[in-house]
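A short worksheet on the structure shown next.
The values are calculated or read from the model by the stated rules, or taken from the named source; none is laboratory data. No experiment lies behind these values; they were computed from the predicted model shown. Neighbour counts run over all protein chains shown; Cβ positions are idealised from the backbone, glycine included. Side chains included, ligands, DNA and RNA excluded: accessible areas come from the protein's heavy atoms. Shrake-Rupley method; radii C 1.70, N 1.55, O 1.52, S 1.80 Å.
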Amino acid sequence: MQKTTHSRLYWVMSDCWVLINRSIKHIFKNLDQLMSLAIQPVMFMLLFRYVFGGAINTGGTSYVNFLVAGILIQMAAFGAMTTSISVATDLKRGIIDRFRSLPMASSTVLVGHVVADLVRNVISSAVLILVAFLIGFRPTATFTEWLMILALVLLFTFAISWLSAVLGLLAKSVEAVQWMGFVAVFPLTFASSAFVPTEGMPKVLKIFAENQPVTHVIEAIRGYMVGTPVGNHATMAIIWCVAVTAIAIPLSGYLFRRYSSV
């Protein structure tokens, strides 16, 4: 019988595929995750649209058109926190130790969680956009602009999911990672242009809101969706996302190896 040999890269890619499948199956087998995929973005959309929408002046754009980009990125940011919880859970339950005992690249478990986050956010985004259409969202984006919106959402989710993996490796417990994620994501999403224009904010908060990465991503997506000025927001959004990814991937690899060597 002839022995089949493959390169190390082949086996790493094979391990990644197995772990990605594992994480994606967890989404569809977990009722809580399925409910959060569908309900959470819809609740935020309806809440802001009908409770706060009448009190917020967005200039020449209707509030629902203004809101969709903000809700989309807020949902992606909080949804990416699932990576940190999943990593912390795997560490606590000894799943990582089991992977280490197998002839595989155990660090691919991080890749599996991050890619599953991309899948999860694509599904949530589709649900959100569908509901937005039902309550009056009327985009002007062309097919090419929708592709650019999808690319920005995936790039943002990829970056913040790796940042979440870092939080999951730093946390001492699953409970700790939940508040760590909240502290990291809450100010970035609410102190931004997600729900209100930044013009009415106090000076210091306005400077922060207009120059932080979440605002650049939202303004770029909003511009492609409904025709507001894109300016340099798309370029800045890409720079921020690439920078966060470039820092978070090696940092999570270092933390994972440090944990594995304990």
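Annotations
- For the set Trp162, Trp179, Trp240, the ranking by accessible area, highest first and with no ligand, DNA or RNA atoms included, is Trp179, Trp240, Trp162 under a 1.4 Å probe.
- In terms of overall dimensions, segment 5-95 has a Cα radius of gyration and Dmax of 19.4, 66 angstrom.
- Taking the inverse of the mean 1/r over every pair of distinct Cα atoms in the chain gives a Kirkwood hydrodynamic radius of 19.4 Å.
- Each distinct pair of alpha carbons in segment 167-262 adds a 1/r term; the inverse of their mean, the Kirkwood radius, is 15.3 Å.
- Label-point separation, Phe190 to Val18 (7 Å along Cα→Cβ), nm: 4.3
- Thr144 - accessible surface, heavy atoms, 1.4 Å probe, Å² rounded to 10: 80
- Taking only Cα atoms of segment 107-239, radius of gyration then Dmax in Å: 16.1, 46
- For the chain, calculated [θ]222 nm from helices alone, where every DSSP H run of n ≥ 4 adds -39500 (n - 2.57): -26500 deg cm²/dmol
- Gyration tensor (Cα) of segment 57-126, equivalent ellipsoid semi-axes in angstrom: 38, 11, 7
- In terms of accessible area, using a 1.4 Å probe and ignoring ligands and nucleic acids, Lys29, Lys172, Lys206 rank largest first as Lys172, Lys29, Lys206.
- Calculated translational diffusion coefficient of segment 1-152 (25 °C, 0.890 mPa s; Stokes-Einstein with Kirkwood radius over alpha-carbon pairs) equals 137 µm²/s.
- A 1.4 Å probe run over the chain, with the rest of the protein chains in place, finds 52 Å² accessible per residue.
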